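Participant: Quick one: the structure is below, questions incoming.
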Amino acid sequence: MARFRIFRDTDVLINWLAQEIDRNTGFDLWRCPYDIFDRVKNELEI
């Protein structure tokens, strides 16, 4: 079983919770943290 090292950045968490969008590019900033949380969740399910 692989072990993960996770760095928790509050700004990333806020991006995810607020579903922020970059004003210049229109990129959904919350999608990347969501993908990470989803991958970790799926990996931890046994």
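Participant: When you go through (1) hydrophobic (A, V, I, L, M, F, W, C); (2) surrounded by 11 or more Cβ atoms within 10 Å (Cβ to Cβ); (3) at pLDDT 80 or above one by one for Ala18, which number turns out not to apply?
Facilitator: (2)
Participant: For the range 20-37, what are the residues that are in contact with a Leu (Cβ under 8 Å, 6 or more places away or on another chain) and outside any loop (DSSP other than H, G, I, E, B)?
Facilitator: Scanning the range 20-37 gives Ile21, Pro33.
The values are calculated or read from the model by the stated rules, or taken from the named source; none is laboratory data. Note that the coordinates shown come from a computational prediction; the quantities given were computed from them, not determined experimentally. Note that each Cβ is placed from the backbone with ideal geometry, even for glycine, and that neighbours are counted across all protein chains shown.
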